[in-house]
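Reading through the structure tokens given below for one structure.
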Amino acid sequence: MVHDALGNTPKLSGLDIERLSRLAFEVGPIRPPSEGGSHSLLLRATRNCPWSRCKFCYGLIYNREKFQLRTVEDIKKDIDTVREIAEAIKGASWKLGYDGTVNADVGTALIRTDPSLNANQSFILVYNWLYFGARTVFLQDANTLIMPSAELLEVLKYLKETFPNIERVTSYARAKTLAKKTLEELKELRKAGLSRLHVGLETGDDDLLKYVDKGVTSAEQIEAGKKAKEAGFELSEYVMPDLGGRARSQQHALNTARVLNEIDPDFIRLRPFVPGPGMPLYEDYSKGEFKLSSPHERLQEIKILVDNLNVTSRLCFDHFLNSWYRDRSRRYTLFKQDYEGYKFPEEKNRVLELIEEGLKIDESVHIHVKDIIGMAL
Ligand code: SF4
């Protein structure tokens, strides 16, 4: 490809690529896998976690750094930057004859013109977002709902005004925070465009909630979940198999089913527990005070959970840690790992059949959590 004196491909001449390569907005460290699957735009509304005490949480996710609210003004500036990056990318598309459509050729041409764009997180994020339709946004970090409602409403309003085609805006929310918001506040946030909430339920067992220092009771979780549903949110509740280890396995499963039955969320997403350095529960595990279950025992725990579920939710195994396998090749996982999972009650029996299948397969075929401790997950 021929480049002009500025390094631009001839068709991109006139575009201020140098400015594009300098544009950046703040991005936090994590997002739910399903938001990755939707290629959501990541917009940082708060920094870190306001609780930061759960014993099963990797300190490294937010480095246990101090929680900070960002100002509405700063978040709006970031939205403006996203708009500027998006306009530049679309401008390149027009110059290349693609009528504003963002396709692979547009990305290639821009990166050929300025290879530094390939390592520019803001550019890559916006490019991918546009490439996949620019329909969803995820507000980071761990509990954006803790923002004063008036401020969060202002951010949502600005976001929707700037990008009217956004169909879904999502956030993590602590159950404690959700329970504290009034139904009216939640309804207003929903109306303003916040549409999906991800809540870390982990367990519905009060004894275990206390042990892992989750900072919430099962009654508060139920109140929070019901309120979120009543306000019209699409609700994902995350459950952590084996969080109670062998000792609390049964109470964990039974009480989690009890709480989920009360809430009846849209999605129940399983995230099996893996202790790791940097996590307070790892200390208990290292000292032998916390005993992990074997792969079959974990399946037995999920069997009790599923058996006792009376919900209309979708049960999802959408994480590679749900690694029970069908045969020694380990090419096929027992459960499908897509983001839509199994619809209850229609597919409840199917899940129970799969669990029985997994229990018949030699335990050595499945991945034992002990073998992956310390790996970068
Ligand atoms: S609320 Fe979430 S991010 Fe915060 S400490 Fe607990 S698990 Fe970690």
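Summing -39500 (n - 2.57) over the DSSP H runs of n ≥ 4 in the chain and dividing by its residue number, what mean residue ellipticity at 222 nm do you reach, to the nearest 500 deg cm²/dmol?
Mean residue ellipticity, 222 nm, calculated: -12500 deg cm²/dmol.
Looking at the chain, which longest stretch skips every one of the chymotrypsin sites (Phe, Trp or Tyr not before Pro) that is in a DSSP loop with at most 13 other Cβ atoms within 10 Å, leaving the sites themselves out?
Longest run free of exposed loop sites: 1-319.
May I ask what percent, to the nearest 5, of DSSP beta bridges between residues of segment 173-372 are antiparallel?
20
Treat each spin label as a single point 7 Å out from the Cα along the C-beta direction, and report the I372 to S149 distance in nm.
The modelled label-to-label distance comes out at 4.0 nm.
How far apart, in nm, are two points set 7 Å out from the Cα along the Cα-to-Cβ line at A119 and at I30?
In this crude spin-label approximation the distance works out to 2.7 nm.
If I model a spin label at K11 and R331 as a point 7 Å from the Cα along the Cα→Cβ vector, what separation in nanometres do I get?
With each label point 7 Å from Cα toward Cβ, the separation is 4.0 nm.
Sort K90, K343, K176 so the one with the fewest other Cβ atoms within 10 Å of its own Cβ comes first.
The fewest-first ordering by Cβ neighbours comes to K343, K90, K176.
Express in nm, to one decimal, how much length is gained between K287 and A219 on full extension, taking 0.36 nm for each residue of separation and deducting their alpha carbon distance.
Difference between extended and current length: 21.3 nm.
Is the C-alpha gyration tensor of segment 223-357 telling us rounded, prolate or oblate? Criteria: a/c under 1.5 is rounded; beyond that, a/b larger than b/c is prolate, otherwise oblate. It would help to have the intermediate numbers written out before the result.
Numbers: a/c = 1.76, a/b = 1.22, b/c = 1.44.
Oblate, since a/c reaches 1.5 and b/c is not below a/b.
Please name whichever of V306, V199, P277 sits farthest to the positive end of the charge dipole of the chain, dipole taken about the Cα centre and charges placed at Cβ: Lys and Arg +1, Asp and Glu -1.
Farthest towards the positive pole: P277.
Efficiency by 1/(1 + (r/R0)^6): what FRET value for W94 and K157, r their Cβ-Cβ distance, R0 = 30 Å, to the nearest 0.05? Don't skip to the answer; put the middle values down first.
Values: r = 29 Å, r/R0 = 0.96.
So the FRET efficiency works out to roughly 0.55.
Calculate how steeply helix 348-360 sits against the longest principal axis of the alpha-carbon atoms of the chain, using the helix alpha-carbon long axis, and give the answer as 0 to 90 degrees to the nearest 10.
70
Cα axis of helix 72-95 to longest principal axis of the chain: angle in degrees, 0 to 90, nearest 10?
Taking the Cα atoms of the chain, the angle to 72-95 is about 60 degrees.
Under a Cβ-Cβ limit of 4.7 Å, which cysteines in the chain have nobody to pair with?
C49, C316
Rounding to the nearest 10 and keeping the result within 0 to 90°, find how far the Cα-based axis of helix 249-263 lies from the longest principal axis of the chain.
The helix 249-263 is inclined about 60 degrees to the chain.
With a 10 Å Cβ neighbour count serving as the proxy for reagent exposure, in which order, fewest first, do R298, R328, R246, R314 appear? Mind showing how you got there, number by number?
Details: R298 23, R328 10, R246 14, R314 19.
Taking fewest neighbouring Cβ atoms as first place, the list is R328, R246, R314, R298.
Below 25 Å, Cα to Cα, which lysines can K291 reach? Residues fewer than 8 away in the same chain don't count.
K55, K210, K214, K303, K360, K370
What is the fewest-to-most order of S195, S149, S313 by other Cβ atoms lying within 10 Å of their Cβ?
Fewest to most other Cβ atoms nearby, the residues stand as S149, S195, S313.
Take every DSSP beta bridge with both residues inside segment 131-240 and express the antiparallel ones as a percent of the total, to the nearest 5. Spell out each step's value before the answer.
Numbers: 0 of 14 bridges.
Looking only at bridges with both residues in segment 131-240, the antiparallel portion is about 0 percent.
Can you give me the Cα centroid spacing of segment 284-335 and segment 88-150 in angstrom?
Between the Cα centres of segment 284-335 and segment 88-150 lies a distance of 36 Å.
Nearest 5 is fine: what % of DSSP beta bridges in the chain come out antiparallel, could you say? Let's see the in-between values first.
Working: 5 of 30 bridges.
For the chain, the DSSP antiparallel bridge percentage is about 15.
Can you bin the chain into rounded, prolate or oblate? Criterion: square roots of the alpha carbon gyration tensor eigenvalues sorted a ≥ b ≥ c, rounded for a/c under 1.5, prolate for a/b above b/c, oblate for the rest. Numbers along the way, then the final one.
Values: a/c = 2.04, a/b = 1.60, b/c = 1.27.
Prolate.
Every number here is computed from the coordinates shown, using simple stated rules; none is lab data. A quick note: this is a predicted structure, and the numbers were derived from the prediction, not measured. Note that each Cβ is placed from the backbone with ideal geometry, even for glycine, and that neighbours are counted across all protein chains shown.
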